[in-house]
Structure formats: structure tokens, C-alpha cells
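Engineer: Sharing a structure with you now.
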Amino acid sequence: MAISLPTPALDSPAAVATAAEGKGYWRRVWERLRTDYFTLVVIAVLLCLVLMAIFAPLITVYDPQQGSVLRRLKGVGFAGHWLGTDEVGRDLWTRIVYGGRYSLLAGTLPVGLALLVGGLLGIVAGYRGGLLNTLIMRGMDVLYAFPSILLAVAICGMLGSGFGNTVLALTITFIPPIVRISESVTTQVRGLDFVEAARTSGASTLTVIRYHILSNVLAPILVYATSLISLSIILAAGLSFLGLGITPPNPEWGVMLNGLRQAIWVDPTIAALPGGMIFLTSMCFNLMSDGLRQAMDVRV
Amino acid sequence: MWAFALRRLLHTIPILFGVSLIVFLLVQLMPGDAADILIPPEAPPDVRAALRAAFGLDQPVYVQYALWLRRLMVGDLGVSIFTNQPVASELFSALGNTLLLALPAALLGFSLGVALGMLAAFNRGRWPDRLFSAIAIAGVSLPHYWVGIVLVAVFAVILNWLPAQGMGAGGVPTSWAQIQHLILPVATLSLIPMGVVSRLVRANVLETLSQEFVATLHAKGLRPARVLLHVTRNAAPAALALMGLQLGYLIGGSILVETVFNWPGSGGLMNLAIFRRDVPVLSATILVLAAIFVMINLLVDILQAVIDPRIRR
């Protein structure tokens, strides 16, 4: 598992140069993506997972929290429960479908929040430079001193479990790498001639950042952020697996994996199912990120 | 060279200081304190006050921090609320057990990762590239705690070849019975560095191969094996930095695999401390793991500068 944060390569002038070519950029990205059938299939699978999570009540007739003690740990193919039942007799397929709600949200929400906060901090640090840059970047160095799992576990372990604290912990975990990458690309773009030209022609700082910096740093930052989603899913489920994230009896893949752990002695297949979903989802996000990176022609 | 090492060393001091501040802050944010954990809510107020005074909890926050920092400076990591034993001895024996997993896993993961990455890069676009790249991406996408469970299901439950949990007799493994306990957790842990390292090595080697000096080396008639050496040397520093990070992650992030395998390491200790609300053990473990991570990064940076003179700015 990529428990490590993907390492941002800090020398990506190529990324900046390509992104700087201007207007038709997103259109060219789409044209490249459109012919990359593999990535399109991956995105379609992800869309299916999302739709399944959203329309969970339409897909399955069971209640994700309601089980029957009489039907505990039935194997795959049991009548009425095609994926079997869990340790308290809840329908496993139902739990997996509903579990996608938490797992997908816990995978994307922290990355989105970290993108907002970290992107802003990084761009400001890169654009302003000087003391502000030093303050922000040294602050991030301190957070970097914690391996990502350790930081997430420390925050959740101290503040307590729950969805909110999981999202908070993961957001804080992902802010430093996003700040670092945003700062480095912004610093590169800031030195380019057109930014200088905009500034001398009297554009305000906000305008320069909005029109000239943001449009050029967005692609590499976005690509990097998408590469964090799979890690976020794995970590969120991992926290729940440890009992520090989402709490039982809520259906969540990590929670389910923890509950079914003892079931490997009875039926290894059903014990492996929730983890398989974590793997599938995280793999799809990784492949999508790789595809986007190629389409956006960014080396992050 | 020495100036670089010294500068880098000095750089870690404010970082370690910041780490201690964050750990202390987290402890402060924790709901309840030692007194709430040790005595029932209906305990008489004077008992509570005495206990709080004994732990120094009646002092202002900044005094508590200063006192804690001063004790840390002399290597006093505090006393466990739960067992009333000094944290240091418990923590360091647990760390030893963690290293017992992390070092072989790192070694295995790195060698596999480098081998797969190189093979993929030198066979770009052909089937070994596709195969090894697929393995690598699976490696970075797998939730390794789940892999641990699956391995236990296969090798302990179905085949009954290896033990499912624990570390057996403990200590440095000398017998086959002890090594058996290591196999599954080490294999599980090594997946992470394998995937990450092979992806980076592939990308790096490809980039190096595309540079003009490689063509020059070929053109002047250098044997392919010698060219390989040049390429490796150029791709090495980045891979090395990543390996350092990965080793740090294996040590600091061991909590998941140690929970799966019931391994008595630092991650297991942390898990226990969280559920016991044992603040001294928890804060000391987090602090020491982060400090180890910082130190590994320091060593890697220095090692990188030794290999690649361009880094010694």
C-alpha cells in the first residue's frame, strides 16, 4: 500500500511549460484523455462505484445495520444473500454497497479540503516568498516529520474516533505535501516573463494570482491531489479497521474488515470481501491519476 | 561536505522542537486527563486535586510543556498511567520488535522494487514492463492490512503452514520456529516499498536513459554493463531518498500490520495506549517514532550528498 505519500518531484519545469502554453490546454487534455480507453474504463468503474453508493437503497432491499442472528456468517451464494452474511447476520452485499458511501467520502473529502487549504497556502508562500514563505514551509516541515499513518493515527487516537475526526486527521496529513508541490510550481511560474509583464502593467496581486498563476499551477497540483485519493481511502479504512475512524455498526469497509477478521477461521472468502473493495477502489483511483497525469502531460 | 551535514543537522533541531509542540498540543486537545482515567467521576474532589498535582496537571499549560520538555531532554519519557512502569523500557523493547519486521521488509521491498523497476525500464513497452508496472501499481494500491489478513487466511488457515499471529518466543530470531513468525508480516510490509520504489526507479531510469550522455557512452563504445553503471549512479540518489522515507514509514506506520499480526511492536504499543487512554505511553511513542523518522531523513540527505555532489549546495 502506498502508505507513504507519493513523493512529489520538485523539478517539473516541463509541467509548468506545458501548462503555460495557454488557452486550448484543457481541450487538448480532453482530446488526449478521450483516446485513452483504459483510463476511460477506469473512470467508468469509479462512476459505477459512486452511483452504487448514492443509490444504495435502490440496489438492495436489506437494512445495512439490521441482521439476523440465525443467519450469521453464511457463505457466498447463500439463498437471499448472494455475497453471504457477516458476523451478526447482516447482508454483506448491502453492507458493501452502503459502505461505499463512507469509504468514498473519506477518500475524497480530505483530499479536497487539503487541496483548498494546502493549495492556497502553497500558492501564497510561492508567490509572496520571503518571510511568509519561510514561516509556512518550515511549519510544513514539522508536519512532514510524521509518517502519514502516524500523524493520522495520532490525531484520531487523541481526539477520538468518528467520521469528522477521520476527515480532519486525513486533511491535516495531506496538507503538507500539497503545500510543498504548490509552492514549488508557483515559485517556478512566478519567475516567468508573462507574470512579470502582468505585474508591470499594473495588475493587482489578486488578479495576477487568479489569472496568471492559478491557471498555470492548477494542472500539476490537481494531478498530485488525485494521486492522494487512493492513499486517503486506504488510510481512512485503516483507521476504521483500528477502531479509530468510523465506528461500528456503521457500514464502512474498514469497520467491516475488522468485524470479519475473526471470520477467516470460518469462511476466508467473506472475510476478504470488504478489503477487496478497498483495493479495487484505491487501484481505480491510482490508475485514473496515472491516466490524468499523462493526459495533462504533467510530471509530478 | 561536513558543512552540509552540519547545516542539515542544525535544521533538524527546530523540527524536533515543533514535533514536541504538536504532540503536546494533541495531548492538550485530548478529552479528559489522567485523573479522569484513573479515578471514577464520583471520587472526592481532594483526591482528584491530589492526583492532578501529582501529575503536574494543576500547573499552567506552558509550565507543563516546559517541564515535559526538560524531562525529555534528559531522556525521561515518563511513567505509564496504566502499568506504572517507566515508558522508556517498554517503548524500546517494542521498537526492537518493530525493527525486526521493518528492516527485513525494507531490504526485501527495496531489492524487489529496484529489480522490477530496472527490468521494466530496460524493457520499456514490452511485456516485462507491462507486467512489472501492473505489479507495482497493485503494490501501491493494496491496503496492506488486508493483504496481511488474506495471507493469514491462505497460509495459516487453509494451508496451515505458518503461524497466524504473534512473534513466538521473541527476541532476535535464531530458530526456524521464530523465523516462521516473521515470514507473513515481513512479506506484507515489503509490498509497500516494493510498489513505490519500483515505480520511481522505472521513471528515473527511463529519464536518465533519455539523456544525451547515455547515447555518448554507447557511441564511444562502452560496454553495456558499464553504461548500466552510469545510469544507475544517476538514478540512485532519488531512489535512495525514497528508500529512506519508506524505511521511516515502515517503522512509524507499523501500527496496522502489527495489529493484524498481533505483533508486540511500537505500533501495537501505540494501539494499546490509545485504547487504555495511557497518555504518557502514547505521547512518548508518537514522539520517538517521529524523531526516528526525522533522523532517518537526515541520514538519507547526507548519504545523498555523498553520492551526488550536486546536492551539496
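We did not get these values from a lab; they are worked out from the coordinates using the rules stated. Quick caveat: nothing in here was measured; it's all calculated off a predicted structure. Ideal geometry is used to build each Cβ from the backbone, glycine not excepted, and the neighbour counts take in all protein chains shown.
Engineer: So if R0 is 30 Å, what FRET efficiency would B:LEU10 and B:THR174 give, r being the distance between their Cβ atoms, rounded to the nearest 0.05? Write down the numbers at each step before the final one.
Structural biologist: Values: r = 42 Å, r/R0 = 1.39.
Taking R0 as 30 Å, the efficiency between B:LEU10 and B:THR174 is 0.10.
Engineer: To one decimal place, what orientation-averaged projected area in nm² is obtained for the convex hull of the Cα set of segment A:27-148?
Structural biologist: Numbers: hull surface 50.2 nm².
Convex hull of Cα atoms, orientation-averaged projection: 12.5 nm².
Engineer: Would you compute, for the Cα atoms of segment B:169-312, the largest minus smallest coordinate along each principal axis and list the three values in descending order, in whole Å?
Structural biologist: If we take the Cα atoms of segment B:169-312, the spans are 66, 37, 24 Å.
Engineer: Please compute, for peptide A:160-167, the average count of beta-carbon atoms on other protein chains lying within 10 Å of each residue's beta-carbon. Display every interim value, and only then the final one.
Structural biologist: Values: counts 4, 1, 0, 0, 0, 0, 0, 0.
That average works out to 1.
Engineer: Return the long-range amide H neighbours of B:VAL79 (sequence gap of 5 or more, or a different chain), with a cut-off of under 5 Å between placed amide H atoms.
Structural biologist: Hits under the 5 Å cutoff: B:VAL87.
Engineer: Who wins for biggest fluctuation among B:LEU67, B:LEU247, B:LEU282 in a Gaussian network model of chain B, springs between alpha carbons below 10 Å?
Structural biologist: Comparing B:LEU67, B:LEU247, B:LEU282 in a Gaussian network model of chain B, the most mobile one is B:LEU67.
Engineer: Taking the Cα centre of segment B:2-73 as origin, sum charge times position over the Cβ atoms of Lys and Arg (+1) and Asp and Glu (-1), and report the length of that vector in debye to the nearest 20. Intermediate results must be reported in sequence, preceding the final value.
Structural biologist: Details: 6 positive and 5 negative charges, 121 e Å.
So the dipole magnitude of segment B:2-73 works out to roughly 580 debye.
Engineer: Can you give the net charge of the other residues whose Cβ lies under 10 Å from the Cβ of A:GLY89, counting K and R as +1 and D and E as -1?
Structural biologist: Numbers: positive: A:ARG71, A:ARG72, A:LYS74, A:ARG90; negative: A:ASP86, A:GLU87, A:ASP91.
Around A:GLY89, the surrounding residues sum to +1.
Engineer: OK, next. Springs between alpha-carbon pairs under 10 angstrom, Gaussian network model over chain A: which of A:ALA198, A:ALA263, A:ALA114 fluctuates most?
Structural biologist: A:ALA198
Engineer: Next question, about the same structure. Where in chain A lies the longest segment free of chymotrypsin sites (Phe, Trp or Tyr not before Pro) that are both loop residues by DSSP (not H, G, I, E, B) and have at most 15 other Cβ atoms within 10 Å?
Structural biologist: Working: sites that count: A:PHE55, A:TRP82.
Longest run free of exposed loop sites: A:83-300.
Engineer: Also: Translational diffusion coefficient of segment B:2-73 at 25 °C, 0.890 mPa s, Stokes-Einstein with Kirkwood Rh over Cα pairs, in µm²/s as a whole number. Present the calculation step by step, with values, prior to reporting the outcome.
Structural biologist: Working: Rh = 14.6 Å.
The Stokes-Einstein estimate is 169 µm²/s.
Engineer: Turning to a different aspect of this structure: Once you order the gyration tensor axes a ≥ b ≥ c over the Cα atoms, which shape class does chain B get: rounded for a/c under 1.5, otherwise prolate or oblate by comparing a/b with b/c? Write out the running numbers ahead of the final one.
Structural biologist: Values: a/c = 3.02, a/b = 1.64, b/c = 1.84.
Because a/c hits 1.5 or more and a/b fails to exceed b/c, chain B counts as oblate.
Engineer: Would you mind telling me which residue in A:THR35, A:THR173, A:THR85 has the biggest mean-square fluctuation in a Gaussian network model of chain A, where springs connect alpha carbons within a distance under 10 angstrom?
Structural biologist: Per the Cα network of chain A with a 10 Å cutoff, A:THR35 tops the list.
Engineer: Evaluate the charge dipole of segment B:106-216 about its Cα centre and quote only its size in Debye, nearest 20, assuming +1 on the Cβ of each Lys and Arg and -1 on the Cβ of each Asp and Glu. Working shown, then result.
Structural biologist: Values: 5 positive and 3 negative charges, 33 e Å.
Dipole of segment B:106-216, to the nearest 20 debye: 160 debye.
Engineer: Same structure, new question: Between B:TRP2 and B:ALA66, what is 0.36 nm times their sequence separation minus the Cα-Cα distance? Round to one decimal in nm. It would help to have the intermediate numbers written out before the result.
Structural biologist: Details: separation 64, 0.36 × 64 = 23.04 nm, distance 3.27 nm.
Length gained, B:TRP2 through B:ALA66: 19.8 nm.
Engineer: Whole angstrom only: what separates the Cα centroid of segment B:1-79 from the Cα centroid of segment A:185-207?
Structural biologist: That distance is 45 Å.
Engineer: Something else now. Please name whichever of B:VAL227, B:SER190, B:GLY148 sits farthest to the positive end of the charge dipole of segment B:94-277, dipole taken about the Cα centre and charges placed at Cβ: Lys and Arg +1, Asp and Glu -1.
Structural biologist: Checked the options; the winner is B:VAL227.
Engineer: Rounded, prolate or oblate: pick one for segment B:94-277, where a ≥ b ≥ c are the square roots of the eigenvalues of its C-alpha gyration tensor, a/c under 1.5 means rounded, and failing that, prolate if a/b is larger than b/c, else oblate. Don't skip to the end; give the middle numbers.
Structural biologist: Details: a/c = 2.57, a/b = 2.23, b/c = 1.16.
Prolate is the answer for segment B:94-277, as a/c is 1.5 or above and a/b outweighs b/c.
Engineer: Along each of its three principal axes, how wide is the spread of alpha-carbon positions in segment B:50-200, in whole angstrom units, largest first?
Structural biologist: 71, 37, 25
Engineer: If you average 1/r over all unlike Cα pairs in chain A and invert the result, what Kirkwood radius do you get in angstrom? Can you show the working numbers first?
Structural biologist: Working: mean 1/r = 0.0482 Å⁻¹.
Computed over Cα pairs of chain A, the Kirkwood hydrodynamic radius comes out at 20.8 Å.
Engineer: Two decimals, Cα atoms only, Kirkwood Rh: what is Rg/Rh over segment A:206-300? Each step should come with its number before you reach the end.
Structural biologist: Values: Rg = 18.5 Å, Rh = 15.4 Å.
Over the Cα atoms of segment A:206-300, Rg/Rh equals 1.20.
Engineer: Can you give me the span-like helices of chain A, meaning DSSP H runs with 18 Å or more of Cα extent along the axis and Kyte-Doolittle mean at or above 0.0? Let's see the in-between values first.
Structural biologist: On the way: long enough: A:37-54 (25 Å, 2.98); A:92-128 (53 Å, 1.08); A:130-144 (21 Å, 0.89); A:163-190 (38 Å, 0.77); A:214-242 (40 Å, 1.91); A:268-296 (41 Å, 0.79).
Those that clear 18 Å and a mean of 0.0 are A:37-54, A:92-128, A:130-144, A:163-190, A:214-242, A:268-296.
Engineer: Whole Å is fine, so just give me how far the alpha carbon centre of segment B:141-168 lies from that of segment A:63-117.
Structural biologist: Distance between centres, Cα-based: 23 Å.
Engineer: Then there's this: Compute for the protein assembly as shown: radius of gyration divided by Kirkwood radius, i.e. Rg/Rh, restricted to C-alpha atoms, rounded to two decimals.
Structural biologist: Values: Rg = 25.3 Å, Rh = 25.9 Å.
Dividing the radius of gyration by the Kirkwood radius yields 0.98.
Engineer: Over all residues in A:262-275, what is the mean tally of Cβ atoms on other chains that come within 10 Å of each residue's Cβ?
Structural biologist: Details: counts 0, 1, 9, 5, 1, 2, 8, 1, 0, 6, 6, 0, 3, 9.
Taking the mean over all residues of the peptide, I get 4.
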